[in-house]
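The values are calculated or read from the model by the stated rules, or taken from the named source; none is laboratory data. Because the structure is predicted, anything quoted here is derived from the model rather than measured. Glycine gets a Cβ as well: all are built from the backbone with ideal geometry, and neighbour counts include every protein chain shown. These area figures cover heavy atoms from the full protein model, side chains too; ligands, DNA and RNA do not enter into them. Shrake-Rupley method; radii C 1.70, N 1.55, O 1.52, S 1.80 Å.
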Amino acid sequence: KAGVTQTPRYLIKTRGQQVTLSCSPISGHRSVSWYQQTPGQGLQFLFEYFSETQRNKGNFPGRFSGRQFSNSRSEMNVSTLELGDSALYLCASSLWTSGPRRQFFGPGTRLTVL
Amino acid sequence: DQQVKQNSPSLSVQEGRISILNCDYTNSMFDYFLWYKKYPAEGPTFLISISSIKDKNEDGRFTVFLNKSAKHLSLHIVPSQPGDSAVYFCAASAESVAYSGAGSYQLTFGKGTKLSVIP
């Protein structure tokens, strides 16, 4: 099976712009989660989608949003970019609605905000 | 408030010896714990997990120990190999009931420990 894919792998934006990142989960996986990784904060949970519905949300401002499509592919959007949004954004998919809770991660999108 | 802590940012071990990576947590609702390994420019890859009903789980060279009373878990790698050099993340999960319907399990990660295995 193909793994989790994320596009693009690298992105450079300027402050105030918006960005959309894409994630394709492993075939058959219906849950998609997004995480932000920064050197100071480690991996922090952004949100989780299941069957096109956001089920869970981390402590991030409303500038961070996402959605999931009927084929389980997911996008996340960050509006009005700030310098502090520079990070590695990771997408993870999992099979079940509830346990086992192993999540499979994609390679990430490296976002740099100038 | 950091609910999962990995207090050692880095660890160096000789090849063939044991590597012990530690993790502490504060949230007593956590009932499932995982270790992930991460190489540069790649996403984390799952290594091993343990449910709170167990105190030990083994998979080849990797063993995870859970001490619930101390809210502490550790990952043992024996013997350590140079290919084990990576950043190791401890993660914990509990069911989120913030939304109606089926449970959602977000992972709460520690900040990672960089393991270097010296040949």
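Give the interface area between chains A and B as buried accessible surface, both sides summed, probe 1.4 Å, in Å² to the nearest 100. Buried area between the two chains comes out at roughly 2100 Å².
Taking Lys and Arg as +1 and Asp and Glu as -1, the other residues whose beta-carbon sits under 10 Å from that of A:Val78 total 0.
For the protein assembly as shown, the Kirkwood radius over C-alpha pairs fed into Stokes-Einstein at 10 °C and 1.306 mPa s yields D = 87 µm² per second. Could you tell me the calculated FRET efficiency between B:Lys56 and A:Ala2, based on Cβ-Cβ distance and R0 = 30 angstrom, to the nearest 0.05? Once the sixth-power term is evaluated, E becomes 0.35.
Annotation note: chymotrypsin sites (Phe, Trp or Tyr not before Pro) in region A:1-75 located in DSSP loop regions with a Cβ neighbour count of at most 16 within 10 Å are A:Phe69.
Indicate, rounded to the nearest 5 percent, the antiparallel portion of the DSSP beta bridges found entirely in chain B.
Numbers: 40 of 45 bridges.
Antiparallel bridges: around 90 percent, rounded to the nearest 5.
Expressed as a whole percentage, what fraction of the accessible surface of region B:18-82 belongs to carbon and sulfur atoms when a 1.4 Å probe is rolled over the protein heavy atoms? Percent of accessible area from carbon and sulfur atoms in region B:18-82: 52. Loop-located trypsin sites (Lys or Arg not before Pro) in region B:12-67 (DSSP state not H, G, I, E or B) with no more than 15 neighbouring Cβ atoms inside 10 Å: B:Arg17, B:Lys54, B:Arg61. Kindly list the residues of region A:55-90 that lie in the label zone of A:Thr38, defined by a backbone N under 20 Å from the point 7 Å along the Cα-to-C-beta vector. Zone members listed by number: A:57-66, A:76-90. Pick out, from A:Phe69, A:Ala87, A:Phe45, the residue whose Cα sits farthest towards the positive end of the charge dipole of chain A, with +1 on the Cβ of Lys and Arg and -1 on the Cβ of Asp and Glu. Value computed over the given set: A:Phe69. Of all lysines in the structure, those lying under 28 Å Cα to Cα from B:Lys56, and not within fewer than 8 positions of it along the same chain, are B:Lys5, B:Lys37, B:Lys38, B:Lys68, B:Lys71, B:Lys111, B:Lys114.
Once the 1.4 Å probe is applied to the protein heavy atoms, region A:14-63 comes out at 44 Å² accessible per residue.
A 1.4 Å probe run over region B:1-97, with the rest of the protein chains in place, finds 50 Å² accessible per residue. Modelled spin-label separation between B:Ser8 and B:Thr45, with each label point placed 7 Å from Cα along the Cα-to-Cβ direction: 2.3 nm. Ligands, DNA and RNA left out, the 1.4 Å accessible surface of region A:1-71 is 48% carbon and sulfur atoms. Inter-chain Cβ neighbour count for A:39-50, averaged per residue, equals 4 (cutoff 10 Å, partner chain atoms only).
Over the C-alpha trace of chain B, radius of gyration and Dmax come out as 14.5, 52 angstrom. Gyration tensor over the Cα atoms of chain A: the corresponding equivalent ellipsoid has semi-axes (square roots of 5 times the eigenvalues, largest first) of 23, 14, 13 Å.
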